[in-house]
Each structure stands twice: as C-alpha cells, then as structure tokens.
1. Find the residue count for the range 162-192, including only residues that are among the small types (Gly, Ala, Ser) and out of contact with any Lys or Arg (no Cβ under 8 Å at 6 or more places or on another chain).
2. If we keep just the residues of the range 92-112 that are assigned to a helix (DSSP H, G or I) and either of a type in the set (D, E, K, R) or modelled with pLDDT under 95 (or both), which is surrounded by the fewest Cβ atoms within 10 Å (Cβ to Cβ)?
3. Looking only at the range 170-186, which residues are outside any helix (DSSP H, G or I) and either among the β-branched types (Val, Ile, Thr) or in contact with a Ser or Thr (Cβ under 9 Å, 6 or more places away or on another chain) (or both)?
4. Return the only residue of GLY12, GLY69 being assigned to a loop (DSSP other than H, G, I, E, B) and buried (at least 16 other Cβ atoms within 10 Å of the Cβ).
5. Which one of these does PHE130 not meet: (1) under 17 Å from THR147 (Cβ atoms); (2) in a strand (DSSP E or B)?
6. What residue, of ASP115, ASP89, is part of a strand (DSSP E or B), acidic (Asp, Glu) and in contact (Cβ under 8 Å) with a residue 40 or more places away in the chain?
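The values are calculated or read from the model by the stated rules, or taken from the named source; none is laboratory data. None of these values were measured; they are calculated from a predicted model. Cβ placement follows ideal geometry from the backbone for every residue including glycine, while neighbour counts extend to all protein chains displayed.
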Amino acid sequence: MKISVCMASYNGSKFIKNQITSILSQLAKSDQLVIVDDCSFDNTVNIIESIKDPRIKLFKNIKNIGVVGTFNRALKIAKGDIILLSDQDDDWLENKVSFIRNFFLSNKIDLLVHDAKIKQGGSIVTNSLFEQIGSSSGLFKNIFSNTYTGCCMSFRRSILKKILPIPNKKGIFHDAWIGILAKFYRFRVIFIATPLIVYNRHDANLSTMKRRSILKIIPDRINLITALIRRIIYGK
C-alpha cells in the first residue's frame, strides 16, 4: 500500500525542514512526498532542494494560485494508494504513517481524520484539537462549520474521482470540500480521537481557530453550497 503525502508550501522557511524531516523518517522507499510550492519568495525552495531524498517530488507554480489551487495540483500528481495531506509547519508524531497504513489495511474505510495536539508559543496547550473545534463527520454540521482539518486527513485514492478539481473560489477550502463530498457520496468516513501530529499555531498560519463574524461566514457558505450543488448536479 503506497503512501503519497501532499504538501502545499509557501514562505515556510522557518518550519518546513522540521516538518519534512518528521515525514521522511516514516516513509517507505516506495512512498512519496509531493510538494507544490506556490511561488515562495523566502528560502523555502532552497531548503526543500537541499534535502537530497528521491522520495521528495518538488513542483513549482509559475504564478501564485493560492492554497486550494496548489493542493489541486499536488493531488493530481500523487500516485499513492493512500493520500495524506500535510501542512508545512507541523510535526508528525513518529507513529503517524504506520498507524494510518495499518488502519487502512485492517479496516473498511475510505477517509480518516485523526486528532492532534496543539502547540503555541513553543508549548503544548491542549492534547485534543477535536475537543477545541467539536470534530465529527456530520454532513450538514460540516457545511455549517467545518471540522475536517486537512493536516489530519488521509484517504483512499478512489475518492479523487469525486472531489477533483476543487473549485478555487472564496469560501471553499480543500479539506472541507473533500470531507463533505466524501460523506455525501457515501464513502466510509471515520474520525478517531488519536493525536498523530503536533499542530503548530503561530502568527503566520493561513487557517485560524477563531470564530469569524456571521457577516463574513454567510457569503463563504453560499459560495460553498452553490459549488457543491453545481458539482453534484452538473459535475462542474
């Protein structure tokens, strides 16, 4: 069972080497780490290229297309039977890949979301991301308030035919799109309360755990629901 790890990188020079190291130490020779860089202007690409490992497959966008477009490209490139999503700035616990590989081998599931410890200011502030955001797999729940966290998600390759391409529009996030459509199309989805990464919170995070105002949420939800309907009814 071949593993592909998909990472979108952008100006991640402060953290990306530690993240890559924590991933590569767990991968088999036939596995791959697909990194698509979204026109970083810091030292990110040089750091990635300095790590001489044939399992790293680095691709560079010719223009900045954002995190969703970048993950779209990475997912199209991935060749693995099981695909794991990764941020550029977390740390994988040493049993993550073996746990996920064995879980998929021994259980009839299509998509797995695991828990995470949260680190902020250099210290672990909680041992459960699930408890912080109320994670679960309900369809309408996650349309209203997404709890599919990309860096905690892994899934079978068979899901890609239903979720790609992910619309690159405001209010649509790759993790919510994948999880919601997987649930809608009756793929077997499971949330497990086992932390497998340290989720690093800092000022440069693209995502936030703070609740936004309802005036900002409503337009995003309308865009998401409209795109879901277009995909489900028209395949667009």
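1. The number of residues fulfilling the criteria is 2.
2. Among them, the one singled out is ARG101.
3. Across the range 170-186, the qualifying residues are ILE172, PHE173.
4. So the residue among GLY12, GLY69 that is assigned to a loop (DSSP other than H, G, I, E, B) and buried (at least 16 other Cβ atoms within 10 Å of the Cβ) is GLY12.
5. All conditions pass for PHE130, except number (2).
6. ASP115
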